[in-house]
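Data first, discussion second: the structure below is written as structure tokens.
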Amino acid sequence: MDAEEARRVDATLRRLGLSWVVAPVDPNDTAGDWSVFDIADPVTREPVKADALASVLAKVAQGPLPSAGSSARRGFVIPSKG
């Protein structure tokens with residue numbers, strides 16, 4: 001993925017509450033390919049496995065994601081009679 005796609009993936013991961021890191025594959029080349037990693041340290045990080053990414057995609061496909069900082073739920077507002 002490129003940097004713009006990485007930005008969108010990162011935002012989605014944050015909304016899902018996942019702490020994975022979206023970063024350039026080569027830390028010195030931000031114009032190159034990006035990927036999802038388990039931690040930020042470029043020396044010890046490992047790419048997130050395809051099955052883990054697939055589970056995230058399945059969760060996203062289930063319906064809309066919550067907005068950042070939002071706890072809104074579907075329902076009804078019933079005004080009080082008072």
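Remarks
- Scanning residues 5 or more positions from Ile39 or on other chains, those with amide H under 5 Å from its amide H are Val21, Glu46, with H placed 1.01 Å from N in the peptide plane.
- Residue by residue, segment 38-51 carries 3J(HN,Hα) couplings of 6, 9, 7, 4, x, 7, 10, 5, 10, x, 5, 5, 4, 5 Hz when phi is fed to the Karplus relation 6.51 cos²θ - 1.76 cosθ + 1.60 (θ = phi - 60°); x denotes Gly or Pro.
- Between amide H atoms placed 1.01 Å from N, distances below 5 Å from Val25 occur with Asp33, Trp34, Ser35, all of them 5 or more places distant or on a separate chain.
- The string of couplings for segment 3-12 from the Karplus curve (6.51, -1.76, 1.60, θ = phi - 60°) is 4, 5, 5, 4, 4, 5, 5, 4, 4, 5 Hz, one whole number per residue in order, with x for Gly and Pro.
- Segments 12-22, 45-55 sorted - mean Cβ within 10 Å per residue, highest first: 12-22, 45-55
Values quoted throughout were computed directly from the atomic coordinates according to the rules given, and no laboratory measurement underlies them. The structure presented is a predicted model; accordingly, all values stated were derived computationally and were not measured. Note that each Cβ is placed from the backbone with ideal geometry, even for glycine, and that neighbours are counted across all protein chains shown.
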